[in-house]
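The structure under discussion appears below in the form of structure tokens.
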């Protein structure tokens, strides 16, 4: 399977994993999650991982579902670390701020958009001068 590009799905609020990313591997009954590396992506939210037990001994798990996709609460699963979730939230907030500025009428006029040049915009003015 080929590696999928990094993407963040707004409707699910979950970034699709890619090979080499570090995630948490949750095993029911353990006090804390284990560090794991994505070895391969089986589906958008199902992965194979190599993980480390708290004593440093390694292990592997196949077809591990995301915590939101697991069938039962006692199914081992993976999730992004809190830091990664925070970074995604910051990125989403910055993107929303940028989107708001790009669609602002004031910015549109300043950049030669439809409000400038008789509604032609910068692209129309360039094409017309050829």
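Peptides 18-28, 62-72 ranked from most to least packed give 18-28, 62-72, packing being the mean of other C-beta atoms within 10 angstrom over each peptide's residues. Projecting label points 7 angstrom from Cα along Cα→Cβ for residue 53 and residue 87 puts them 3.0 nm apart.
Quick one: length gained pulling residue 96 to residue 30 fully straight, 0.36 nm per residue minus the C-alpha distance? Once the chain is fully extended between residue 96 and residue 30, it gains 20.0 nm.
The Cα atoms of segment 38-94 define a convex hull whose projected area, averaged across directions, is 5.0 nm².
With label points built 7 Å along Cα→Cβ from the Cα atoms of residue 63 and residue 19, find their separation and express it in nm. It works out to 2.1 nm between the two label points. By other beta-carbon atoms within 10 Å, ranking 94, 52 with the fewest at the front produces 94, 52.
Where a number appears in this text, it was derived from the coordinates with a stated rule and is not lab data. Values in this document were obtained by computation on a predicted structure and should not be read as measured data. Quick reminder, even Gly has a Cβ in these numbers, built from the backbone with ideal geometry, and neighbours come from all protein chains shown.
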